[in-house]
1. Restricting attention to segment 79-93, and to residues there that are open to solvent by 30 Å² or more (accessible area, probe 1.4 Å) and not hydroxyl-bearing (Ser, Thr, Tyr), which single residue is nearest to Gly19 (Cα to Cα)?
2. List pairs: first in segment 49-65 and closer than 9 Å to Asn80 by Cβ, second of a type in the set (Phe, Trp, Tyr) and outside any helix (DSSP H, G or I), Cβ under 8 Å, 6+ apart or cross-chain?
3. Within the group Glu16, Glu4, Glu10, which residue is touching a strand residue (DSSP E or B) at 6+ places or on another chain (Cβ under 7 Å) and of a type outside the set (A, V, I, L, M, F, W, C)?
4. When you scan segment 12-35, how many residues do you find that are under 17 Å from Asp85 (Cα atoms) and touching an Asp or Glu at 6+ places or on another chain (Cβ under 8 Å)?
5. Can you confirm whether Val101 is out of contact with any helix residue (DSSP H, G or I) (no Cβ under 6 Å at 6 or more places or on another chain) and either part of a strand (DSSP E or B) or open to solvent by 60 Å² or more (accessible area, probe 1.4 Å) (or both)?
6. Could you give me the residue pairs with C-beta distances under 9 Å whose first residue belongs to segment 8-23 and is on the phi > 0 side of the Ramachandran plot, whose second residue is open to solvent by less than 50 Å² (accessible area, probe 1.4 Å) wherever it lies, and which are 6+ apart or on separate chains?
7. Can you tell me how many residues within segment 18-45 are over 20 Å from Gly127 (Cβ atoms) and touching a helix residue (DSSP H, G or I) at 6+ places or on another chain (Cβ under 7 Å)?
8. Do any residues in segment 109-127 that are over 10 Å from Lys89 (Cα atoms) have Cβ atoms under 6 Å from those of residues that are in a helix (DSSP H, G or I), where the two are at least six apart or on different chains, and which pairs are they?
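The values are calculated or read from the model by the stated rules, or taken from the named source; none is laboratory data. Quick caveat, the model's predicted, so the values are computed rather than measured. Please note: Cβ atoms are built from the backbone with ideal geometry, for glycine as well, and neighbour counts cover all protein chains shown. In case anyone asks, the SASA skips ligands and DNA or RNA and just uses the protein heavy atoms, side chains included. Shrake-Rupley method; radii C 1.70, N 1.55, O 1.52, S 1.80 Å.
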Amino acid sequence: MKNEKDVKKEVKKLLEKHGWFWWMPPANGFGKVGVADFNALRGGVFLAIETKFGANKPTVHQVAFLSSVIAEDGFGFVVNEKRLDYLAKWMDAFDRAAGSVSKGGQPDPEDGALMLDAIREMTHELG
């Protein structure tokens, strides 16, 4: 990977593979400042993903947006080239857990642990 555009390509692939309805708000002066690069919905779950590359960190406004999403029981992640595997693992575990719940069962505790580890890694910059 060479830049943030490459990270975004991989995030798009993961969202498509896992069946999320997603969109990328345009980056311009007319919208809300700090809105994540990707916003997605699946099964009533809201997911916001801010992509970065290298040592780049989210801005104060991006942190505030992702924190607001989390405060409303959504998921807000910061994903760079080193965290793409965490996002992939979270999505795989989410799929399995959602499938179990939809059949009246309980998620596998291993999937819960996997998701928690991934969440911790993708949110540690949010404070």
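1. Asp92
2. Thr51/Phe38
3. Glu4
4. 1
5. So Val101 fits the description; yes.
6. As it stands, the answer is Gly19/Asp95, since those pairs meet every condition given.
7. Adding up the residues that qualify gives 5.
8. Final answer for the pair search is Glu121/Tyr86; Met122/Tyr86; Leu126/Val63; Leu126/Leu66; Leu126/Ser67.
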